[in-house]
Amino acid sequence: MKFISTLLLVLAIASTAFAGPQSTIGGRRLDSDMAHQVRSGWPSTSYEWWNKGKGSLDWALGGELVYGPWSGARDDPRIAFALYAPLRFHLWDRTRPNAKTDLGIRFTPGLMAGSAAPQTATVVTRAEIAVPVSIDVNPKLSVVTGAAVPVDLGWIENVGFVGAIPLLVRLGIEIKAGDKVAPFVLMEVGPGFGFGQGASNTTLAARLWAGTTFWSVRGK
């Protein structure tokens, strides 16, 4: 609640509509040709190499060390490594006297492999759809919101096939701390639906990261 209250207070006192920091977690397009993102938290630590594509597209390649439920619920590896490739399309923007809003849609396919328990292998495939929204409320600050739906289907040795579909609401901030660096915090939370072996359940799904985006030295 304290984190959410702080974000609401930031929105309330914001008074300028200049473009905020470059975004790798929200809906705003990259300004530079390239950016690098590192982040750590729950359930993983990751690196993403972002590139500005043609038209409305930004794309990235990512690697992730996973030590918790990859989707935020159900698929809980002991330790695993994942590769994924986000594709983000900018759909719409609107400038108002005290804020600028950017809306995008992101599709992220991925594959995770590792150990679910000692001497037990697991492999999980993912197709994640997200609607990222960036609200630039200050030249140095953006509020990030939207929704994400990771769909994970996997196999666990001695267990069989399982799946998880969380419905996550996103809330975070990106801060322009320098000419080529923007730290951020991102929280995603919502119900998580798990299924497999003829049974299903619902639980609370959550993912939380803190990280930094670095502009490329080749960027504009």
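A short reminder: the numbers here are calculations on the coordinates, not readings from a lab. Note that the structure is predicted; figures quoted are calculated from it, not measured. Here the Cβ positions follow ideal geometry from the backbone for every residue, glycine too, while neighbour counts run over all protein chains shown.
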Going by average Cβ neighbours within 10 Å, how do the peptides 144-151, 85-92 rank, with the highest at the top? 144-151, 85-92
Dimensions in Å of the range 42-180 - Rg and Dmax from alpha carbons: 17.1, 59
Compute the angle between helix 2-13 and the longest alpha-carbon principal axis of the chain, please, reported from 0 to 90 degrees and rounded to the nearest 10. 20 degrees
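If you rank Phe184, Phe107, Phe193 by fewest surrounding Cβ atoms within 10 Å, what's the result? Could the numbers behind the result be given before it?
Working: Phe184 22, Phe107 13, Phe193 16.
Sorted ascending by nearby Cβ count, the order is Phe107, Phe193, Phe184.
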Per the Debye formula with a single identical scatterer at each Cα and no solvent contribution, what log10 I(q)/I(0) holds for the range 97-179 at q = 0.11, 0.14, 0.15 Å⁻¹? -0.47, -0.64, -0.69
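If you average 1/r across every pair of different Cα atoms in the range 126-220 and take the reciprocal, what Kirkwood value do you get, in Å? Write down the numbers at each step before the final one.
Details: mean 1/r = 0.0648 Å⁻¹.
Taking the inverse mean of 1/r over all distinct Cα pairs, the range 126-220 comes out at 15.4 Å.
May I ask for the Rg/Rh ratio of the range 139-182, computed from Cα atoms with Rh as the Kirkwood radius, given to two decimals? Can you show the working numbers first?
On the way: Rg = 17.8 Å, Rh = 13.6 Å.
The Rg/Rh ratio comes out at 1.31.
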